[in-house]
Structures are given as C-alpha cells and as structure tokens.
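The values are calculated or read from the model by the stated rules, or taken from the named source; none is laboratory data. What you see is a predicted model; the values in this text were computed from it and never measured. Here Cβ is always computed from backbone atoms with ideal geometry, including for glycine, and neighbour counts include all displayed protein chains. Side chains included, ligands, DNA and RNA excluded: accessible areas come from the protein's heavy atoms. Shrake-Rupley method; radii C 1.70, N 1.55, O 1.52, S 1.80 Å.
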Amino acid sequence: MNGTPDKKRILSGMRSTGPKLHIGNYEGALRNWVALQDQYNMYCMVADWHALTTQFGDTSEISRNSREVAKDFIAGGIDPAKSPIFVQSHVKEHAELHLLLSMATPLGWLERVPTFKEKQQDIGGAERVPYGLLGYPVLQAADILMYRPYGVPVGKDQAPHLEVSREIGRRFNHLYGNVFPEFVNIIGDIPVLPGLDMRKMSKSYDNCIYINESPDETAKKIKSAFTTPSKIKKTDPGIPEGCAVCQYLKVYSPQWETQWNEDREGLRGCMQSKNECIEAVNEFLRPMRERRAAIDDTTIEDILRDGAERARAVAQQTMQDVREAMHLW
Ligand code: TRP
C-alpha cells in the first residue's frame, strides 16, 4: 500500500546527528508532523547523509542514531502504517537526483545560505569546509523534489533551505521541462522552547530534555534550570518570559496562567514552579516513553525496510521522469 490516493503527499526530514530527539525537536517539527498525518500522505525521513555533512569524522554510530531517531518519531506519535518512515541512505535514488541537480545549481546560491556561512566560520574557513556541506541544500532539494510533494512541514529555521530547494526545482523545470510542481512551506503554529539555560535548545549546548530519558533525569535537569536571576526569595517578583521553567509550564501545564501570575507577584517560589514543571513535563512525556520502550531493534528495522520500499516506489517513478527529461534514458 502506498498511501491513500486522494490525499496530498507531504515530506519532511530530520537529521540524525545523535540518538535522541529532545522536546525542542518535538515542538519544532514532530508535533506538526503528527497533526498532519491524517490529512496528508506524510513521508518521514531520517536524514543520515545530512548528518554526515558535519559528522564525517566518526561514522560508527550513524546507523544506530538513525534507528533511535526513527523510534522517537514513533514515540512522538507517527504511525508508520499511515506514514512511511525511512532512512535517506536506504533510498539511493536521492544520491542520483542530488548529483543531477548539482550540475544545474549555481555556486552562489549555496554560498549565500546563512547556515552554510555560519558553519563555514565554525569549521575554520574554505580550506577545511567539506564540499558535501556546501551541497547540503542540493541534497535537501533532492529529498523534497523526489516526492513531488504538495508541501513540506518544517520549523522556521528551515525556510532558507526550502527557498533554495524551490529555486532548484524551478531551474530544473526551466531547463529540462516540467517535472517538479512547486511545493509550499507548511510552518505550524510552533512555540519556541528554550533550553534549560534559556539559550536555544541544542544537543551541543547540553541543555536538552530528551523524550527518551528517565523521569528522574528530567527532574534533575529541571531542578537546576535557569530561572529569574533576581528572584531569590519566594516573595521576589519573577519574570516568567525569561525563565526556562515558566516557559515549559506555558507549553505543558494547563494552569500556566495562574502559575505565571503567582510567579510575577511573588506569591510562589521557584521550587514550587520547578516541582510542578517536573510533574507536567514527565506527564506529557510518559505515553511517548511507554511507546518507545515497546519498540525493539528488530521492529524498527522492519518498519524502516517497509518505509524505504514505499519511498522507493515514488522515487523510482520520479527518477524515470527526470532521466527522460534530461535525455539520459
Ligand atoms: N535540513 C533539515 C534539518 O536540519 C533536515 C532535512 C533533510 C529535511 N532533508 C529534508 C527537512 C527534506 C525537510 C525536507 O532538520
């Protein structure tokens, strides 16, 4: 079975740079995917080749990370029977399309992408930056255009990548004929969840709450999370907008408005907020953690094999049209 024909197709992906998704990944993307999977034929991709653009040095964990990320997709609520879950490198057609698109993509488009400029500086300039990293948006264009989707649900940070993907698709159509219909960005109503220290939640900052960690680990992290620095005594006024614990309450606690008011007015201490926050976050994650614990490696491998087959069926059709349009057939 390959989806319901009367539903529009959408595709999204996440890089598997580690074995665990955090609640920022969930809020920034996964929550939206889950909400869309009844309305659309949703293809969920684990972008392992994209992980290599920055982690080419040590590849020993790459397949384990892909499996673990796929388990987190299911824990978060993706139903693999409805929505194929697959690993990018299992569908080799992506590599062929990436190569062909790279021929028609001007270098300037890629050098201008903000994430490339940032990473190039982090890595230490053009002498050290891998060719593959420059091609990141071309590979992403291949991922997307391959499925000729109606739309792509992503977080706001991905907008520049989607713009380049659209440009690449347009250019292909202009040069070789209409193969790729234009897709739309599906950007949900996404709350921005800060990290435990109020910076962006990111594995590299070590400020994350993970779906797949124990309730005790979550509790320990929230206990040492950043709160209003000038609130020392319970009666000192808090500033919930700048407090990580209050930010989590806003997303996970139905009583957050009362909690915020009491914080502002010095009617509650940070310990009380932290305890209520621990309760709310762990309660929210409990069903996900239960679902996740029930998926073993054999199960996920079967799911990924099935997902790759369903994705490949679409990809092979697209590649036939691409080769024909380019007279490579
Ligand atoms: N660049 C995306 C990210 O960092 C991952 C990604 C790869 C992707 N291919 C994609 C997202 C295709 C949407 C569609 O999260």
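Observations on the model:
- Residue pairs meeting the criteria (Cβ under 9 Å; at least 6 apart or on separate chains; first under 22 Å from Ile209 (Cα atoms) and of a type in the set (Asp, Glu), in segment 286-299; second assigned to a helix (DSSP H, G or I) and at pLDDT 95 or above): Glu290/Ala75
- Qualifying positions in segment 192-202 - over 16 Å from the mean Cα position of the chain (by Cα) and surrounded by fewer than 17 Cβ atoms within 10 Å (Cβ to Cβ): Asp197, Met198, Arg199
- Which numbered condition Ala81 misses (of (1) without any contact (Cβ under 8 Å) to a residue 24 or more places away in the chain; (2) outside any loop (DSSP other than H, G, I, E, B); (3) over 16 Å from Ala315 (Cβ atoms)): (2)
- Pick from segment 165-177, criterion within 13 Å of the ligand (Cβ to nearest atom) and not polar (S, T, N, Q), ranking: most open to solvent (accessible area, probe 1.4 Å): Arg166
- Residue in segment 8-20 that is nearest to the ligand (Cβ to nearest atom), counting only those that are in a loop (DSSP other than H, G, I, E, B) and open to solvent by 10 Å² or more (accessible area, probe 1.4 Å): Thr17
- Looking across segment 178-193, just one residue is touching a helix residue (DSSP H, G or I) at 6+ places or on another chain (Cβ under 7 Å), away from the ligand (no atom under 16 Å from the Cβ) and modelled with pLDDT under 95, and that is Pro191.
- Selection from segment 203-231 of residues that are in contact (Cβ under 8 Å) with a residue 24 or more places away in the chain, open to solvent by 80 Å² or more (accessible area, probe 1.4 Å) and among the polar types (S, T, N, Q): Ser224
- Remark: His90 matches the filter, which requires a residue to be within 15 Å of the ligand (Cβ to nearest atom), open to solvent by 20 Å² or more (accessible area, probe 1.4 Å), assigned by TED's automatic domain parsing to the domain that holds Val179 and in contact (Cβ under 8 Å) with a residue 40 or more places away in the chain.
- His50 falls short on exactly one of the conditions (1) more than 15 Å from Leu304 (Cβ to Cβ); (2) away from the ligand (no atom under 14 Å from the Cβ); (3) touching a strand residue (DSSP E or B) at 6+ places or on another chain (Cβ under 7 Å), and that condition is (2).
- Restricting attention to segment 100-120, the residues that are open to solvent by less than 20 Å² (accessible area, probe 1.4 Å) and among the charged types (D, E, K, R) total 0.
The rows are residues; the columns are (1) without any contact (Cβ under 8 Å) to a residue 24 or more places away in the chain; (2) acidic (Asp, Glu); (3) within 11 Å of the ligand (Cβ to nearest atom).
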{"position": "Trp109", "(1), (2), (3)": "no, no, no"}
{"position": "Thr115", "(1), (2), (3)": "no, no, yes"}
{"position": "Asp122", "(1), (2), (3)": "yes, yes, no"}
{"position": "Tyr131", "(1), (2), (3)": "yes, no, no"}
{"position": "Tyr136", "(1), (2), (3)": "no, no, yes"}
{"position": "Ile144", "(1), (2), (3)": "no, no, yes"}
{"position": "Val154", "(1), (2), (3)": "no, no, yes"}
{"position": "Glu163", "(1), (2), (3)": "yes, yes, no"}
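- Filtered by the rule that a residue be farther than 11 Å from Ile303 by Cβ and in contact with a helix residue (DSSP H, G or I) (Cβ under 7 Å, 6 or more places away or on another chain), segment 73-88 gives Ala75, Gly76, Gly77, Gln88.
- Selection within segment 232-270 - without any contact (Cβ under 8 Å) to a residue 12 or more places away in the chain and within 15 Å of Leu196 (Cα to Cα): Glu241
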